[in-house]
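Worksheet for the structure shown next.
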Amino acid sequence: MWDNADVAKRFAERPPDHRLVALLTGDGEYAQVRQEWAPGPRPKVLDVGCAGGRNTVWLATNDADVLAFDASSAMVAETKARLTEVVGQAGAEQRVRNGYLDDLSEYPTGGFDLVVALGALQNAQTDAEWQRALSETARVLRPGGLVLVANFAPDSAPAGTPLTRVPGSEDVWAGFESPSRYMTLPSADRLDAQFGQHGLLPALPTQRVRVETARGHRVTINALYRKEP
């Protein structure tokens, strides 16, 4: 599915994430956070799991110095194509790459003001992979930097059937849209605690959002964490 060009286009055509827009513009509850964050006139941003580039392109259009990666070649190609209209072909080639969430070794320590991780970290297949991803996210953020997170919750049931915890794991669950799909889905409290273990503390209260589906429901945990000095 993820390497399907039509799926990549559908992801690309979605509007940018409203929380990201509010953060960059300092709107509403994000006003104080934006002021304290103080990223300067051109924030350095890493878009983890950029999908079709809806957020990458919006960031570039709004003067962010953005880099992006995705594990899907189709998503990378779509993001590059759309980003080319903003930064040119050479710029898009330099800024968008294939990569995976638990290996950010090509990115510098403390090099980013913001990491965008929307529906991305949850794709970790094991607890160890998840912990590596959190560690790498914390590493590439500067002190005071932010990570914007959206992660499905374990009480989601998009097909009406409860998910099943993978035996021997802490937070890996099976059955989200497919019996063979493994995802790391901590509860909201556990999400805060696990990010906190890596020096990333809530900049705003973490929230749960439930959306009904045709046969069940999805629950998304929305969080914004700040890296402690």
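Bear in mind these aren't lab numbers, they're just calculated from the coordinates by the rules spelled out. These numbers were taken from a predicted model, which means no experiment stands behind them. Cβ: placed from backbone, ideal geometry, glycine included. Neighbour counts: every protein chain shown.
Things worth noting here:
- The relative contact order of region 132-189, computed from alpha carbon pairs under 8 Å that lie at least 6 residues apart in sequence, is 24 percent.
- Other residues lying with their Cβ under 13 Å from the Cβ of Leu141 contribute a combined charge of +2, Lys and Arg counting +1, Asp and Glu -1.
- Ellipsoid equivalent to region 65-191 - semi-axes via the Cα gyration tensor, in Å: 29, 18, 12
- In this structure, the pairs whose alpha-carbon distance is over 22 Å, taken from Lys44/Lys227; Lys80/Lys227; Lys9/Lys80, are Lys80/Lys227.
- 222 nm mean residue ellipticity, helices alone, for the chain (DSSP H n ≥ 4; -39,500 (n - 2.57); rounded to 500): -10500 deg cm²/dmol
- Around Ala159: net Lys/Arg minus Asp/Glu count, Cβ-Cβ under 13 Å: +1
- Net +/- balance of residues flanking Leu114 in space, Cβ distance below 14 Å, scoring K and R +1, D and E -1: +1
- Region 132-220: trypsin sites (Lys or Arg not before Pro) in DSSP coil with no more than 11 other Cβ atoms inside 10 Å: Arg215
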